[in-house]
Each structure stands twice: as structure tokens, then as C-alpha cells.
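As C-alpha cells, the structure follows; a few thoughts come after it.
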Amino acid sequence: MNADRYEDKRAQGLPILGALRTEPLRGEDSGWQFLYYFGPDEDEDHAQVWAVSEVLSLVPNLNDFIDSPVGTALRRRNKNSK
């Protein structure tokens, strides 16, 4: 597999299309996972840690859901969807 496929997604400008809230692993962990895709193209071996505030600066409408409980799953069709 071509290594440059895994360049920093933020630099590529890819939209965040999904979010999952799982049980936090540590005290500073919110449990949120933000995804570019749902399905086989999302490769957790190349995951990156982001501050929630950084994600919210890119996708402000996620702020409406940030206090949602563990188990919450959000998906949008494209970067212009809410």
C-alpha cells in the first residue's frame, strides 16, 4: 500500500463525515472518534489524536452533540450536511 495515502488528513482537507463516542480510555479522553469515512477505507492503524476543540473548530455543528452519551454515532453525507 502506498505510504503517502496516509498523509495528515487535516492537511488534505478531507471532511469529517462521522463521529462515534466510545468509553473513554483515560481521564483526559472524551471517548470521541471522528472519522472521514465509515467502512473499509477507515484504517484505525493510521488514526491520529486530535483535541476536541480542534475538531469543533473545523466542524462547529458537532458542538451540539459533544455531550452526547457513550454509544452515540453520528453520520453525514458530505461536508455540507449537518
The local net charge around residue 19, scoring Lys/Arg +1 and Asp/Glu -1 for residues other than residue 19 whose Cβ lies under 11 Å from its Cβ, equals +3
Per 0.36 nm of contour for each residue apart, how much would the distance between residue 63 and residue 22 grow if the chain were fully extended, relative to their Cα-Cα spacing? 13.1 nm
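No value in this document is a laboratory result; all are computed from the given coordinates. Note that this is a predicted model, so its numbers are computed, not measured. Positions of Cβ are backbone-derived with ideal geometry, glycine not excepted, and every protein chain shown enters the neighbour counts.
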